[in-house]
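One structure is given below, encoded as structure tokens.
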Amino acid sequence: QVQLVESGGGWMQPGGSLRLSCVASGFTFSNYAMAWYRQSPGKQREWVAGITTGGSTNYPDSVKGRLTISRDNARKTVYLQMSSLKPDDTAVYYCTTNLYARDYWGQGTQVTVSS
């Protein structure tokens with residue numbers, strides 16, 4: 001049974017940093033690319049970071065330089081390091097992967113950026 005469990009969200013002041021974690025189970029983690037998305041109230045879910053099995057990363061221009069995705073295959077965990085946080089980063093953050101042409105999602109972790 002595929003499971004993705006995010007953690008690490010919370011409240012942070014603008015300019016601060018947070019690190020999100022996503023622990024995977026139920027599949028061979030090292031064999032699959034992983035990604036992070038976010039969704040703010042009233043907006044569509046938005047892709048914010050991706051990492052391949054080989055560790056190559058990519059980001060949309062809107063977050064490039066502020067968000068960093070990484071993975072630890074031994075821990076079956078993918079991380080999202082967030083820095084220079086802005087109020088617009090407030091959202092529920094989800095990790096996801098695609099197995100056998102199906103997308104799997106975690107339950108999400110809330111990040112709130114405000115003063």
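Mind putting a number on the dipole of the chain about its Cα centre? Charges go on the C-beta only, +1 for Lys and Arg and -1 for Asp and Glu, and I need it in Debye to the nearest 20.
Computed about the Cα centre, the dipole is about 100 debye.
Please report the carbon-and-sulfur percent of the accessible area for the range 14-115; probe 1.4 Å, protein heavy atoms only, DNA, RNA and ligands left out. Please list the in-between numbers first.
Numbers: 2390 of 5250 Å².
Taking all protein chains in place, the range 14-115 shows 45 percent carbon and sulfur surface.
How large is the charge dipole for the range 51-115, taken about the Cα centre, if only the Cβ atoms of Lys, Arg (+1) and Asp, Glu (-1) carry charge, to the nearest 20 debye? Each step should come with its number before you reach the end.
Numbers: 7 positive and 5 negative charges, 39 e Å.
Its charge dipole is roughly 180 debye.
To the nearest 10 Å², what's TRP105's accessible area with a 1.4 Å probe?
Spelled out: TRP105, probe radius 1.4 Å, area about 100 Å².
With a probe of 1.4 Å, find how much accessible area the chain has per residue, and write the answer as a whole number in Å².
53
Just for the Cα atoms in the chain, what are the lengths along the principal axes, largest first, rounded to whole Å?
41, 26, 23
Once label points are set 7 Å from the Cα along Cα→Cβ at both VAL2 and ASN73, what is their separation, rounded to one decimal in nm?
So the two model labels end up 1.9 nm from each other.
Taking a point 7 angstrom from the Cα of SER25 along the C-beta vector, which residues in the range 84-113 have backbone N less than 16 Å away?
Once the point is set 7 Å along Cα→Cβ of SER25, 105-108 turn out to lie under 16 Å by backbone N, inside the range 84-113.
The values are calculated or read from the model by the stated rules, or taken from the named source; none is laboratory data. Computed from a predicted model, the values in this text were never measured in an experiment. Here the Cβ is made from the backbone with ideal geometry for all residues, glycine too, and neighbour counts use every protein chain on show. All accessible areas refer to the heavy atoms of the entire protein, side chains included, with ligands and DNA or RNA removed. Shrake-Rupley method; radii C 1.70, N 1.55, O 1.52, S 1.80 Å.
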